[in-house]
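**Q** The structure follows.
The values are calculated or read from the model by the stated rules, or taken from the named source; none is laboratory data. Since the structure is predicted, the reported quantities are computational estimates derived from the model, not experimental observations. When we count neighbours, we look across all protein chains shown, and the Cβ atoms used for this are built from the backbone with ideal geometry, even at glycine.
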Amino acid sequence: MTQTQRLKPYLPPKKPSSSSSSKYEAARYVHPPHPDWKPPKPSQTPFQSAKYHDVDPAVQDTASIYALVISAFVPRPIALVSTLDNQGVGNLAPYSYFNSMGHNPPIVAIGICRQMRKPGPDGLPSKKDTLAAIEETGEFV
């Protein structure tokens with residue numbers, strides 16, 4: 001596109017008349033936050049203040065980081081992870097830290113945190129039953 005060519009804004013169709021049978025309202029044009037911006041000028045922040053907040057996970061408490069992470073990605077889908085341990089004991093647990101990572105071959109990633117309230121024999125937070133069963137058998141559904 002040359003500099004003299006300009007894109008025309010999308011103009012929605014006119015609002016249907018009262019005799020129209022459509023139950024939907026016509027689309028409306030929404031102006032961008034900075035309509036005067038043109039390349040190659042630097043992009044402006046869409047907010048009134050350009051003040052940003054830095055978060056350093058190394059100095060924040062775990063509860064604050066957890067609250068930030070779970071509120072940053074919404075809605076969070078939940079996966080039900082099913083496992084059997086070596087003794088055949090079943091476990092079904094909900095996990096929101098998961099995603100598909102590919103389709104050929106199909107790969108699923110699960111993020112399993114340790115249990116903070118339940119220390120293990122080494123004094124560190126213990127493994128959840130799901131993680132222990134996956135490590136024992138190498139399988140989950």
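**Q** Could you tell me which residue of the range 69-91 is surrounded by the fewest Cβ atoms within 10 Å (Cβ to Cβ), considering only residues that are hydroxyl-bearing (Ser, Thr, Tyr) and under 23 Å from residue 141 (Cα atoms)?
**A** Ranking the qualifying residues of the range 69-91, first place goes to 82.
**Q** Being more than 14 Å from the chain's Cα centre (by Cα), more than 18 Å from residue 139 (Cβ to Cβ) and of a type outside the set (Lys, Arg) is true for just one of 64, 96. Which residue is that?
**A** 64
**Q** For the range 115-130: of the residues being touching a Ser or Thr at 6+ places or on another chain (Cβ under 9 Å) and modelled with pLDDT of 85 or more, which is farthest from residue 80 (Cα to Cα)?
**A** 129
**Q** Inside the range 102-114, can you point out the residues that are surrounded by fewer than 10 Cβ atoms within 10 Å (Cβ to Cβ) and over 25 Å from residue 61 (Cβ atoms)?
**A** 102, 103, 104, 105, 106
**Q** While we're looking at this one, here's another question. How many residues does the range 115-140 hold that are surrounded by 14 or more Cβ atoms within 10 Å (Cβ to Cβ) and part of a loop (DSSP other than H, G, I, E, B)?
**A** Of the residues in that region, 3 qualify.
**Q** Given the options 86, 99, name the one that is outside any helix (DSSP H, G or I), polar (S, T, N, Q) and in contact with an Asp or Glu (Cβ under 8 Å, 6 or more places away or on another chain).
**A** 86
**Q** Please state which of the following conditions residue 82 fails to meet, knowing it meets all the rest: (1) farther than 19 Å from residue 131 by Cβ; (2) modelled with pLDDT of 85 or more.
**A** (1)
**Q** Then there is this: Scan the range 103-112 for residues that are farther than 15 Å from residue 141 by Cβ and either more than 17 Å from the chain's Cα centre (by Cα) or of a type in the set (Lys, Arg) (or both) and jot them down.
**A** If the condition is that a residue be farther than 15 Å from residue 141 by Cβ and either more than 17 Å from the chain's Cα centre (by Cα) or of a type in the set (Lys, Arg) (or both), then 103, 104, 105 are the ones that fit.
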